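Remarks on the structure that follows.
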Amino acid sequence: LGPERRAVPISAMTDAAWDQLLPSVASAGDGFVAVWRDWRSSHDAYRGRGSCYATHLSADGIASPAAGFELFGSTASSPSIASDGSTYLAAATTPLGVYTRLLDHDGQPSGDANLVLPSTSVSSEIVASNGHGYILVSFDQQYLMTWLRLDSAGMPAGLRHLATNSVFGQSAFVLTTNDGAYHVLFQDGSGVVNDLTIDESEIGRASWRERV
């Protein structure tokens, strides 16, 4: 690795009205797709009708379309996105539960949004891919963490699993390994970083390890 340098000028992806927050970015290998929470459709000071938008970014940072496009309807929040190296899967939390939507290699929607996790208690989610499918990790309003395997189309490929019956925070990172396993890293209420490892088997067996 050499010295860090700025490859392209830093500029805004969109200059839409109100606020644009909570970005998430993924790459399929020769470009990127960004998703974010967007309040441009809000007409009041409380931004009560935020939505989730997306746009494709070229390797040199050019957004197309520049203004982005609406990915999920109003009341959607906590957007996340992942790629299996060919297509993209975006996810967002709504009052009805978690929706996913498949995007093609250029970041354009390939179909409608699907409610894959019906629940009125989900507060946030994150989606990740191991190159063969996806995993959806979610937290409910009591901070309990669950995970659900999804197929390459973003549809449930098994049962929803409760990761633990303990209380944890809502922040998590999901990493993958060469053997297809997922590592869910998160910090619990006592400040300990935990590593939940989920393998690639049909059942998706999980093992637990604490890291300081």
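The values are calculated or read from the model by the stated rules, or taken from the named source; none is laboratory data. For clarity, every value in this text was computed on a predicted model and none was experimentally measured. Here the Cβ is made from the backbone with ideal geometry for all residues, glycine too, and neighbour counts use every protein chain on show. Areas reflect the complete protein model, heavy atoms only, side chains present, ligands, DNA and RNA absent. Shrake-Rupley method; radii C 1.70, N 1.55, O 1.52, S 1.80 Å.
Solvent-accessible surface of protein heavy atoms, probed at 1.4 angstrom with all chains present, puts 123, 80 in the order 123, 80, largest first. One decimal place: the segment residue 140-residue 86 gains 16.4 nm when fully extended, by the rule 0.36 nm per residue minus the C-alpha distance. 3J(HN,Hα) couplings calculated from phi for segment 132-147 with the Karplus curve 6.51 cos²θ - 1.76 cosθ + 1.60 (θ = phi - 60°) are, in sequence order, 10, x, 9, 10, 10, 9, 10, 10, 9, 6, 9, 6, 7, 9, 10, 9 Hz; Gly and Pro show x.
Amide H to amide H distances under 5 Å link residue 105 with no residue, where only residues 5 or more positions off or on other chains count and H is placed in the peptide plane.
For the set 60, 112, solvent exposure ranked by accessible area (probe 1.4 Å, protein chains only) runs largest to smallest as 112, 60. By a 1.4 Å probe calculation restricted to protein chains, residue 99 has an accessible surface near 50 Å², given to the nearest 10. Couplings for segment 76-82, taken from phi via the Karplus curve 6.51 cos²θ - 1.76 cosθ + 1.60 with θ = phi - 60°, read 6, 8, 6, x, 9, 8, 8 Hz in order; Gly and Pro are left as x.
The local environment of residue 57, defined by Cβ-Cβ distances under 13 Å, has a net charge of -3 under the rule Lys, Arg +1 and Asp, Glu -1.
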